[in-house]
């Protein structure tokens, strides 16, 4: 589905919560979200995201609906951000005993694709149109989402990437912000941006440097190679590899096994973030460099991006 520049700006502006007038982040004008009042429910059905809470396990499922393309379109990002803000509104300041959620699980309903990253169709259209403001707004919204996921919205929960298909580019970056990564055999991982003279700007270096060190972080970013779930596990970037179709069952078994240790796991995450934090300012500074470089890509580079954009569309959720 094509999105005009004006429509995209409107979508990106609608990032605040609830159906009351709020201030959009692009121009300060009031915006209204077209969703009914959610009250305290955790079971939500957005156009591009569905959430469902299991009280017996403490799992909050967040299933991405890749309707147009198996990537982070402006529409799915808007739904994800609204959902994050909804969780903050519900449980801000809650203790572990007061918050019913234990695990926030990001999954995908697209076959063989968890997320193929940033919306390349939107990128190429904006770059060709010289719409630097629009591209920067998209990039900053991505940082809002990824950083909030990294810090678990300041809630006493842990996050999970349930990778049942490929995690490429921005999908790879998003996965790196989760506390637990479960991947099915056959899933592929990679950062292809270098192939069209760009780099993964939504946090890849910041996250990888802290997980695998600066040398391997540069290698993963600069070689442009695709790697398997097994290779990712060897690098420490995937925690559990399971058979195709077994990701949800594997997660449930892990949750049951770790139930008695949850408080310890949460505290250890707090320790890691205290000792080696990733600030939002760092992520914004880097993504601004990404925008500057993206706006100067050549026609040949944009044509390569067009090819990958067609892959994103082919792997969308079947209608």
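Computed quantities for the displayed model
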read-out: In nm, spacing of pseudo-spin labels at residue 263 and residue 295 (7 Å Cα→C-beta vector); value: 5.1
read-out: GNM result for the chain, Cα springs below 10 Å: residue of 261, 210, 125 fluctuating most strongly; value: 261
read-out: Tail fraction, Cα-Cα pairs, the chain, threshold 37 Å, whole percent; value: 11
read-out: Distance histogram for the range 28-181 (every C-alpha pair counted, 5 angstrom bins, percent rounded to whole numbers); value: 2, 9, 18, 23, 20, 15, 9, 3, 1, 0, 0
read-out: Estimated translational D of the range 168-280 in µm²/s (Stokes, Kirkwood radius over Cα pairs; 25 °C; 0.890 mPa s); value: 162
read-out: Between the range 284-298 and the range 200-243, the alpha-carbon center distance in angstrom; value: 22
read-out: Which of 206, 108, 228 has the fewest Cβ neighbours within 10 Å, and the rest in rising order; value: 228, 206, 108
read-out: Linear extension gain, residue 41 paired with residue 270, 0.36 nm per residue minus alpha-carbon span; value: 79.7 nm
read-out: Relative intensity, log₁₀ I(q)/I(0), of the range 36-115 from a Debye sum that treats every alpha carbon as a point, q = 0.16, 0.18, 0.24 Å⁻¹; value: -0.61, -0.76, -1.19
read-out: Extension gain (nm, one decimal) between residue 218 and residue 239, 0.36 nm per residue minus Cα-Cα; value: 5.4 nm
read-out: Hull volume in cubic angstrom per residue (convex hull over the Cα atoms of the range 228-291); value: 151
read-out: Tail beyond 14 Å, pair distance distribution of the range 271-310 (Cα, percent); value: 65
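No lab work stands behind these numbers, since they all come straight from the coordinates. Just so we're clear, the structure is a prediction, and the values are computed from it rather than from any experiment. Note that each Cβ is placed from the backbone with ideal geometry, even for glycine, and that neighbours are counted across all protein chains shown.
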